[in-house]
Amino acid sequence: MIVGIPKEIKNNESRVGMTPAGVFEMVKNNHKVYVQSEAGEGSGFFNQDYQQAGAIILDTIGQVYAMSEMIVKVKEPIAEEYDLIQEGQILFTYFHFASSEALTKAMIKQKAVCIAYETVEDEEGTLPLLTPMSEVAGRMAIQQGAKYLEKPAKGRGVLLGGVPGVAPGKVLVLGAGVVGVQAAKMAAGLGAHVTIMDINMKRLRYVNDVMPPHVVTEFSNEFNIRRLIKTHDLIIGGVLLKGAKAPNLITRDMLKEMRPGTVIVDVAVDQGGCVETTRPTTHEDPIYIIDDVVHYSVANMPGAVPYTSTMALTNVTLSYALKLANLGWEAACEKDASLKKGLNIVKGEVVYQEIIEAFGWEEVIA
Ligand SMILES: NC(=O)c1ccc[n+]([C@@H]2O[C@H](COP(=O)([O-])OP(=O)(O)OC[C@H]3O[C@@H](n4cnc5c(N)ncnc54)[C@H](O)[C@@H]3O)[C@@H](O)[C@H]2O)c1
């Protein structure tokens, strides 16, 4: 198969869809790999690294899309890329369709085969291609939250770890999944008091078993959330309803209940956010303030640490990309039930039910 690796053009996105190590494996399996010139520079991989691994470097993104049967990338295509996508071309990347009707309609129109990293699901119901980026984002959420809690950054002026004689800051984590647990672990490591919430008792039991005593669990419901937001300095949004819009656990009226300078890092922004007032921001302009509450909601957080993120991502995507290249998408999805779950739109037809539900569409678009 001919595999193309374009340079990511989303704002401040420096990750790349495949490392030279991935290219090496593809070429070893007799596939041809085109890499757009400088596609990997932001992650520390240069043209000559790719060439040594067996890739052919192309000058433009247009050439990569035009000459490849499968595109492997990181973020969803942005508007400038829509028309480059060809009928029947495999796109293997993050899409997060449920949060963008415009993207969904564009992909239906282009008639590509869209396999979304975020819905590939293994037998245990976990999402293996979301996990590493959630690990990065969860850990980073505390780093960012701690920064914006500083007074010059518009926060409350609280040091998360406290100091002897002064109580530590309080972190409220919504969702005890991958993001939530990684965030809780980092916050606990800094010495903060952490409350972590979920509706899944299994997750709360797990957290209770593995975390130190200054990480406490609470069941997630509106009553408890309203009570806890009044006393916590930093709130991390890490909830997920697979393939669907995140529920608004914090509504606009609740902001008034929080203390001025409270910081919300809504990691779930890529699924619409779990805070009503969340809107996507960028690394260039990451925060905005509503009712004296600082909102940080960068939709591609791992993009800020591309060196770590690219390797973490390609560690898990490569085996699936190889399967797609070796067998073709139909046979690969037939053989691998996890990969099949990644099929979202196939040649103009939405095949992932939650997308249809997210937009209130009544029937599958044919
Ligand atoms: N902004 C970014 O850069 C970035 C990066 C990685 C992941 N994400 C997003 O972060 C979110 C979380 O990802 P994850 O991998 O941790 O998912 P996950 O499935 O591991 O965890 C989600 C958790 O939310 C819980 N949940 C569901 N409804 C809830 C509710 N009402 N109250 C409390 N908890 C509830 C689930 O039970 C689950 O434990 C996703 O939307 C993901 O796309 C964003």
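The values are calculated or read from the model by the stated rules, or taken from the named source; none is laboratory data. These figures come from a predicted structure and were not determined experimentally. Glycine also receives a Cβ, built like all others from the backbone with ideal geometry; neighbour counts cover every protein chain displayed.
Observations, loosely collected:
- For the range 117-136, filtered to residues that are touching a helix residue (DSSP H, G or I) at 6+ places or on another chain (Cβ under 7 Å) and outside any loop (DSSP other than H, G, I, E, B), the residue that is farthest from residue 308 (Cα to Cα) is 117.
- In the range 262-319, the residues that are away from the ligand (no atom under 15 Å from the Cβ), closer than 16 Å to residue 74 by Cβ and modelled with pLDDT of 95 or more: 318
- Counting only strands (runs of 3 or more DSSP E) that fall entirely inside the range 240-312 and contain at least 3 residues that are free of Cβ contacts under 8 Å to residues at least 12 places away in the same chain, no element qualifies.
- Of all residues making up the range 245-261, the number that are at pLDDT 95 or above and of a type in the set (Gly, Ala, Ser): 1
- Qualifying positions in the range 336-362 - assigned to a helix (DSSP H, G or I), modelled with pLDDT of 95 or more and either touching a Phe, Trp or Tyr at 6+ places or on another chain (Cβ under 7 Å) or surrounded by fewer than 16 Cβ atoms within 10 Å (Cβ to Cβ) (or both): 337, 339
- The selection criterion, being more than 9 Å from the ligand (Cβ to nearest atom) and closer than 28 Å to residue 359 by Cβ, does not hold for residue 232.
- Against the test of being on the phi < 0 side of the Ramachandran plot, touching a Ser or Thr at 6+ places or on another chain (Cβ under 9 Å) and not charged (D, E, K, R), the options 163, 136 yield a single qualifying residue, 136.
- Only one of 68, 99 that is touching a residue at least 24 places away in the same chain (Cβ under 8 Å), among the polar types (S, T, N, Q) and out of contact with any Asp or Glu (no Cβ under 7 Å at 6 or more places or on another chain): 68
- Selection of the range 40-82 for residues being hydroxyl-bearing (Ser, Thr, Tyr) and part of a helix (DSSP H, G or I) yields 43, 50, 65, 82.
- Identity of the residue in the range 8-39, small (Gly, Ala, Ser) and not in a helix (DSSP H, G or I), that ends up farthest from residue 61 (Cα to Cα): 14
- Counting only strands (runs of 3 or more DSSP E) that sit wholly inside the range 170-226, those with at least 2 residues that are farther than 28 Å from residue 124 by Cα and away from the ligand (no atom under 14 Å from the Cβ) are 170-174.
- For the range 143-169, residues that are farther than 18 Å from residue 216 by Cβ and either without any contact (Cβ under 8 Å) to a residue 40 or more places away in the chain or away from the ligand (no atom under 16 Å from the Cβ) (or both) total 17.
Here's the yes/no breakdown for (1) in contact (Cβ under 8 Å) with a residue 12 or more places away in the chain; (2) under 27 Å from residue 100 (Cα atoms); (3) surrounded by 17 or more Cβ atoms within 10 Å (Cβ to Cβ):
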{"position": "1", "(1), (2), (3)": "yes, no, yes"}
{"position": "4", "(1), (2), (3)": "yes, yes, yes"}
{"position": "18", "(1), (2), (3)": "yes, yes, yes"}
{"position": "21", "(1), (2), (3)": "yes, no, no"}
{"position": "32", "(1), (2), (3)": "yes, no, yes"}
{"position": "38", "(1), (2), (3)": "yes, no, no"}
{"position": "77", "(1), (2), (3)": "yes, yes, yes"}
